[in-house]
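**Q** Can you keep this structure in mind? I'll have questions shortly.
The values are calculated or read from the model by the stated rules, or taken from the named source; none is laboratory data. Being a predicted model, the structure only gives us computed values, none of them experimental. In this analysis, Cβ positions are derived from the backbone assuming ideal geometry, glycine residues included, and neighbour counts consider all displayed protein chains. Keep in mind that these areas ignore ligands, DNA and RNA; they rest on the heavy atoms of the full protein, side chains included. Shrake-Rupley method; radii C 1.70, N 1.55, O 1.52, S 1.80 Å.
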Amino acid sequence: MATYIKCGGEEFTFELKPIGKVCQLCKKETPIVTLSTQKLKLCKSCFSSIQERRVLEAVKKYKMFGPSDRVGIFLSGGKDSAVLAYLLRKVFPDIFFQGIYLNLGIRYYSDYAQKAVEALCAKIDLPLYVYSLPEKESFRIDDFVFTSFKDKICSVCGTIKRYLFSKLARELKLSVIATGHHLDDLISTYLTLFLSGDFESIRRLKPVNPPLYPGQAKKVKPLFQIPEKEIFMLAHLMELPLEGCSCPHGELTPAKKTKRWLSSLEEENRTIKYQLLSIFLHKFIPLLKEEKTVETFSPCTKCGEPTTSPNGICGRCRRVDLLNRVPERRLELSLEEWEKIQASPEREEWILFSLREREDITMDILSSAKEVSPDLLLEETKFFKTFKPFRKKKLLFYCYSGRLGYLFTLKLRKHSFQAYNLRVAENYS
Ligand code: SF4
Ligand code: ZN
């Protein structure tokens, strides 16, 4: 049984076992997957061929790229970009593809995801370019917990990523950027925007987005006709190296909530997603075209990237500027630093919490620690009730791997507590 956990906690499972006598397409092999819309029972090879054909059709129909293009694929370590890279390499062996990984410096996540991306690129023979935010720009996405964006980390992460997509595409001379948005992504975003009345953003949400200004790469979504569940099954069948989304900032966004609602509708009408896709693409978006406004771009006065901002400073630079005003961006302490604090009068200002994941861990340093249950993370009210009495203290968390303590640290920082994580196992960060 394969399991894949997404940001926000959504889970996919898939058991690899025969589900009939013969594949309903080739009539030869043993079927192991069901195509969700047609309820066809297929073998691995026929299932993969159908997905390859969908990508081929999407690229041709929407003229996503041609032989002279250089196509960039931003890889996250997750299933969507992995399947995108796998299918594009397989279906278009003669096109130049460049894999790119943005290491955003998110502790207990970015380095693991990078390893999955490196293994994927080695497996499918895709050149990889790694851009490390901490190394190149001396900040991490985590650092935004010290700014007014502390409870909107995913939004600020999106702004930084979009800026880097455009900048790196230009530096690497890429004419097209392919993203792993699939059918469920597109429909849930359409519906979320529709319900909020943001029709202008719906207009921009198409399988192909031409450049907004000269020199910008075209953005394409070759997987937009493939349901998310089938992407997960293909990733598993093709044994693609993956890192499930274990980003410590993962949130349940409105679009993710819409996705859940959509999945329940699908139980009654299995073609609902395709019906909605057709309505949005062929009926609704054409109606909105008349509303088009011309945006004027000028270079950001700080970074030089094109922006429509009236004050001349792009969204990325406005956010990064906030970090420059933070005197100290420390979220973790080493064991040595803690030992020094313990031996000093400063110890009075601190309270140490232990999140025991493993009973066998005993450390002298923890003798004064207050035990808290890792389950607190799942109980919002109890969580804040537990820590409220310590609002004036410096809170330090210990757990064996460092990851759980870091989750507590981030959650409390987002609510303006002075929380820190004790980094014990260097190899985990
Ligand atoms: Fe960025 Fe949020 Fe995704 Fe983490 S979960 S990588 S912070 S968008
Ligand atoms: Zn800028």
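**Q** Taking a ≥ b ≥ c as the square roots of the Cα gyration tensor eigenvalues, with a/c under 1.5 meaning rounded and otherwise prolate when a/b beats b/c, else oblate, which class fits segment 63-287?
**A** Taking the square roots of the gyration eigenvalues as a ≥ b ≥ c, segment 63-287 is rounded.
**Q** Given segment 63-287, what percent of its DSSP beta bridges are antiparallel, to the nearest 5?
**A** Bridges in segment 63-287 are about 10 percent antiparallel.
**Q** Follow-up question, since we're still on this one. What distance in nm separates the simple spin-label points at residue 378 and residue 13, each placed 7 Å from Cα in the Cβ direction?
**A** In this crude label model, residue 378 to residue 13 measures out at 1.5 nm.
**Q** Once you keep just the Cα pairs under 8 angstrom separated by 6 or more residues, what percentage relative contact order results for the chain?
**A** 15 percent
**Q** Now for a separate question. Kindly sort 297, 353 by accessible area of their heavy atoms, largest first, with the probe set to 1.4 Å.
**A** The ranking, largest first, comes out as 297, 353.
**Q** What do you get for the angle between helix 315-324 and the principal long axis of the chain? Use alpha-carbon atoms, 0 to 90 degrees, nearest ten.
**A** Rounded to the nearest ten degrees, it is 10.
**Q** Find which of 174, 130, 191 sits farthest along the positive direction of the dipole of the chain, computed with +1 on the beta-carbon of Lys and Arg, -1 on that of Asp and Glu, about the Cα centre.
**A** 191
**Q** Name the residues whose placed amide hydrogens come within less than 5 Å of the amide hydrogen of residue 218, ignoring near sequence neighbours (fewer than 5 apart) on the same chain.
**A** Amide H neighbours of residue 218, under 5 Å, 5+ apart: 176, 177.
**Q** Which entries in 60/219; 123/206; 161/302 show an alpha-carbon gap greater than 21 Å?
**A** Beyond 21 Å: 123/206.
**Q** Residue 350: accessible area at probe 1.4 Å, nearest 10 Å²?
**A** About 20 Å², rounded to the nearest 10.
**Q** Report, ordered by chain and residue number, the lysines lying within cross-link reach of residue 21, taken as a straight Cα distance under 30 Å and ignoring same-chain residues fewer than 8 apart.
**A** Cα-Cα hits under 30 Å: 39, 41, 44, 79, 90, 229, 273.
**Q** Once both labels are modelled 7 Å past Cα along the beta-carbon direction, what's the residue 68-residue 30 spacing in nm?
**A** Distance between the two pseudo-spin positions: 5.0 nm.
**Q** Can you grab the distance from the C-alpha centre of segment 94-137 to the C-alpha centre of segment 185-208, Å, no decimals?
**A** 29 Å
**Q** Right, here's the next one. At 1.4 Å probe size, with no ligands or nucleic acids counted, give the accessible surface of residue 367 in Å², nearest ten.
**A** 100 Å²
**Q** Further, regarding this structure: Please go through segment 1-95 and write out the trypsin sites (Lys or Arg not before Pro) that DSSP classes as loop and that have at most 12 other C-beta atoms within 10 Å.
**A** 21, 27, 28, 39, 63
**Q** Mind listing which chymotrypsin sites (Phe, Trp or Tyr not before Pro) in segment 55-146 are in a DSSP loop and have 16 or fewer other Cβ atoms within 10 Å? Working shown, then result.
**A** On the way: sites: 62, 65, 74, 86, 96, 97, 101, 108, 109, 112, 129, 131, 139, 144, 146; in loops: 62, 65, 108, 109, 139.
For chymotrypsin sites (Phe, Trp or Tyr not before Pro) across segment 55-146 that sit outside H, G, I, E and B with at most 16 neighbouring Cβ atoms in 10 Å, the list reads 62.
**Q** Taking the Cα centre of segment 332-428 as origin, sum charge times position over the Cβ atoms of Lys and Arg (+1) and Asp and Glu (-1), and report the length of that vector in debye to the nearest 20.
**A** The calculation lands at about 620 debye.
**Q** Let me ask another. Long-range amide H contacts for residue 40: which residues qualify at under 5 Å (H placed 1.01 Å from N, peptide plane, sequence gap of 5 or more or a different chain)?
**A** So residue 40 has HN proximity to 35.
**Q** Report the charge-dipole magnitude of the chain in Debye, nearest 20, computed about the Cα centre from +1 at each Lys and Arg Cβ and -1 at each Asp and Glu Cβ.
**A** The dipole of the chain has a size of about 1340 debye.
**Q** Excluding same-chain residues fewer than 8 positions from residue 382, which lysines have a Cα within less than 27 Å of its Cα?
**A** 6, 150, 152, 256, 257, 370, 392, 393, 394, 411, 414
**Q** Does segment 141-267 come out rounded, prolate or oblate by the C-alpha gyration tensor, with a ≥ b ≥ c the root eigenvalues, rounded set by a/c under 1.5 and, if not, prolate when a/b is larger than b/c and oblate if not?
**A** Rounded shape, in that the Cα axes give a/c under 1.5.
**Q** A further question follows. Output the relative contact order of segment 63-287, whole-number percent, from Cα pairs under 8 angstrom with separation of 6+ residues.
**A** In percent, rounded to a whole number, it is 26.
**Q** For the chain, give me the percentage of DSSP beta bridges that are antiparallel, rounded to the nearest 5 percent.
**A** Working: 11 of 42 bridges.
That works out to approximately 25 percent antiparallel.
**Q** Given the rule -39500 (n - 2.57) for each run of at least 4 DSSP H residues, summed and divided by the residues of the chain, what is its mean residue ellipticity at 222 nm, to the nearest 500 deg cm²/dmol?
**A** Working: 15 runs with 163 residues, N = 429.
Calculated mean residue ellipticity at 222 nm is -11500 deg cm²/dmol.
**Q** How would 34, 179, 3 line up by accessible area, probe 1.4 Å, largest first?
**A** Details: 34 50, 179 25, 3 80 Å².
My answer, sorted largest first, is 3, 34, 179.
**Q** Could you tell me how many degrees, from 0 to 90 and to the nearest 10, lie between the Cα long axis of helix 110-124 and the main elongation axis, the longest principal axis, of the Cα atoms of the chain?
**A** Value to nearest ten degrees: 30.
**Q** Taking the full set of protein chains and a 1.4 angstrom probe, give the accessible area of residue 351 in square angstrom, rounded to the nearest 10.
**A** 30 Å²
**Q** So how tilted is helix 228-237 from the main axis of the chain? Cα-based, degrees 0 to 90, rounded to 10.
**A** Orientation of helix 228-237: about 90 degrees from the principal axis.
**Q** If a/c stays under 1.5 just call it rounded; otherwise compare a/b with b/c (prolate if a/b is bigger, oblate if not). Do that for segment 332-428, with a ≥ b ≥ c from the square roots of the Cα gyration tensor eigenvalues.
**A** In terms of gyration-tensor shape, oblate.
**Q** Turning to a different aspect of this structure: Can you give me the relative contact order of segment 332-428 as a percent, contacts being Cα pairs under 8 Å and 6 or more apart?
**A** Reported as a whole number, the value is 34 percent.
**Q** Let me ask something additional. What fraction of the DSSP beta bridges in segment 332-428 is antiparallel, stated in percent and rounded to the nearest 5?
**A** 0 percent
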